[in-house]
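Worksheet: one structure, shown below.
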Amino acid sequence: MGRYLVTGAAGFIASRVSQMLMDDGHSVVGVDNMNDAYDPRMKEYRLARLVKQEQFDFVKMDIADKDAAFKLIDKGPYDAVINLAARAGVRQSVENPWVYVDTNVTGTLNMLETAIRSGTKKFILASTSSIYGSNPPIPTPETASSDHPLQPYSATKKGAEALCHSYHYLHNLDVTVFRYFTVYGPAARPDMVMFRFAQWISEGREVRVNGDGTQSRGFTYVDDIARGTILGLKPVGYEIINLGGHQVITINDLIAKVEKLVGRKANVVYQDRHPADVMENSANVEKAMSMLGWAPKVSLEEGIPNLVNWYLAERSWVSQILTP
Ligand SMILES: NC(=O)c1ccc[n+]([C@@H]2O[C@H](COP(=O)([O-])OP(=O)(O)OC[C@H]3O[C@@H](n4cnc5c(N)ncnc54)[C@H](O)[C@@H]3O)[C@@H](O)[C@H]2O)c1
């Protein structure tokens with residue numbers, strides 16, 4: 001059975017990847033610094049489920065700290081380093097770009113060095129659809145330009161992708177870079193719309209929408225993302241692969257769906273559109289299909305109720321999670 005180093009393990013996506021790896025009989029060294037980019041109680045909740053299992057070894061540390069990172073070398077070699085830790089979020093990166101460079105660039109560099117120095121042959125990096133800039137073809141293939149990132153977040157991901165390529169070239173490290181498109185599901189990030197709408201509508205709070213709500217997203221269910229990420233463990237050389245959902249929905253239609261599930265009308269307040277937001281995104285996932293045999297399976301009709309029902313079941317404490 002395999003042994004994997006997963007960074008960002010208390011995070012939304014990496015906690016699911018870690019769980020799926022353990023369900024398959026593997027063990028996981030999970031790393032997270034439990035920062036407060038969003039309410040850390042969500043991270044503690046996800047982590048609490050993982051640490052109960054004996055195949056899970058948690059290390060609290062900052063991947064941008066080289067000395068701490070190099071202590072992970074002794075725990076290797078790993079079957080793969082799966083680097084999902086990041087400062088995520090497009091808008092916050094405009095306010096504090098430095099922490100994005102620290103984690104997403106320096107942190108990725110430290111994890112690449114950890115992989116090489118521990119004799120690990122496989123590396124996975126989480127990148128993002130926001131790398132495609134303002135006017136990509138829709139649905140967007142991997143060949144679309146990513147040369148003009150619009151925010152520090154996507155610029156740091158571009159830097160991380162480039163570092164991965166150089167380590168592939170120099171050390172023959174096998175790398176799969178995944179560009180994820182907007183991910184949702186139970187225990188989702190409270191700084192993203194799906195969680196916020198579930199909370200705001202359930203609790204009768206104002207539902208703040210940037211722009212007029214006609215912007216659309218190709219939402220992807222977290223289990224599909226985690227399954228695709230694990231399929232990416234196979235040797236590929238160096239490849240960049242989109243993982244994205246098969247259904248696109250506007251923000252207004254999303255609100256209507258959540259209203260129906262919660263049984264309460266939303267009090268929507270439309271605000272100015274944020275310049276860091278794109279109007280539309282959706283993935284061309286033909287490459288994931290041909291290289292990994294992956295296609296998204298979970299529909300919005302199944303996935304949105306899963307999130308809303310999780311929210312309602314955990315409401316006693318999730319209603320307190322900060323969603324500023
Ligand atoms: N959720 C999405 O829609 C989405 C879309 C595109 C790309 N991504 C990428 O997928 C990855 C996972 O995203 P997520 O949505 O699960 O985010 P998340 O914020 O829930 O998870 C990231 C985890 O990394 C940890 N972390 C951050 N900086 C760290 C550091 N310096 N050292 C150690 N741990 C650190 C955080 O505490 C957090 O638990 C990220 O790389 C993100 O950029 C996510």
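Of note:
- Comparing Ser130, Ser299, Ser15 in a Gaussian network model of the chain where C-alpha atoms under 10 Å apart are linked, the largest mean-square fluctuation is found at Ser299.
- Top of Gly228, Gly293, Gly76 by mean-square fluctuation, Gaussian network on the chain, Cα under 10 Å: Gly293
- The stretch 1-37-the stretch 109-140 distance, computed between alpha-carbon centres (Å): 17 Å
- Whole-Å distance, taken between Cα centres, linking the stretch 262-324 and the stretch 142-179: 25 Å
- Residue of Val81, Val236, Val28 that the Gaussian network model of the chain assigns the largest fluctuation, springs spanning Cα pairs under 10 Å: Val236
- At q = 0.17, 0.27 Å⁻¹ the log10 of I(q)/I(0) for the stretch 33-74 amounts to -0.58, -0.98, computed by Debye summation with a single uniform scatterer per C-alpha, solvent ignored.
- Every pair of different Cα atoms in the stretch 197-299 enters the Kirkwood calculation, which places the hydrodynamic radius at 15.6 Å.
- Descending semi-axes in whole angstrom, ellipsoid equivalent of the stretch 75-127, from the Cα gyration tensor: 26, 10, 6
- Proportion of all alpha-carbon pairs of the stretch 124-179 beyond 18 Å (%): 34 percent
- Across the options Phe219, His171, Trp200, the greatest Cα extent toward the positive end of the charge dipole of the stretch 159-228 (unit charges at beta carbon of Lys, Arg, Asp, Glu) belongs to Trp200.
- Rg/Rh for the stretch 25-154 (Cα atoms only, Rh after Kirkwood) is 1.00.
- Net charge of Cβ neighbours under 11 Å - reference Tyr78; Lys, Arg +1; Asp, Glu -1: +3
- Counting only Cα atoms, the size of the chain along its three principal axes is 55, 43, 37 Å, in decreasing order.
- Seen from a random direction on average, the alpha-carbon convex hull of the stretch 1-96 projects onto 6.3 square nanometres.
- In a simple Cβ point-charge model (Lys, Arg +1; Asp, Glu -1; nothing else charged), the stretch 1-110 has a dipole of about 180 debye relative to its Cα centre.
- Of the trypsin sites (Lys or Arg not before Pro) in the stretch 247-324, the ones in a loop by DSSP (not H, G, I, E or B) with at most 16 other beta carbons within 10 Å are Arg264, Lys265, Arg273, Lys297.
- Proportion of all alpha-carbon pairs of the stretch 240-313 beyond 17 Å (%): 60 percent
- For the chain, the membrane-span-like helix rule (DSSP H, alpha carbon extent of at least 15 Å along the helix axis, mean Kyte-Doolittle at least 0.5) picks out 12-23, 251-262; this says nothing about an actual membrane.
- Modelled FRET efficiency - R0 45 Å, Asn172 with Ala48, Cβ distances, 0.05 increments: 0.70
- In this structure, the residue pairs whose Cα-Cα separation is over 22 Å, taken from Lys157/Lys257; Lys52/Lys122; Lys60/Lys297; Lys234/Lys287; Lys75/Lys122, are Lys157/Lys257; Lys52/Lys122; Lys60/Lys297.
- Loop-located chymotrypsin sites (Phe, Trp or Tyr not before Pro) in the stretch 114-197 (DSSP state other than H, G, I, E, B) with a sparse environment of at most 11 neighbouring Cβ atoms within 10 Å are absent.
Quick note: the coordinates plus some simple rules give every number you see, no bench work behind them. These figures come from a predicted structure and were not determined experimentally. With ideal geometry, Cβ positions are generated from the backbone for all residues, glycine too; neighbour counts draw on all protein chains shown.
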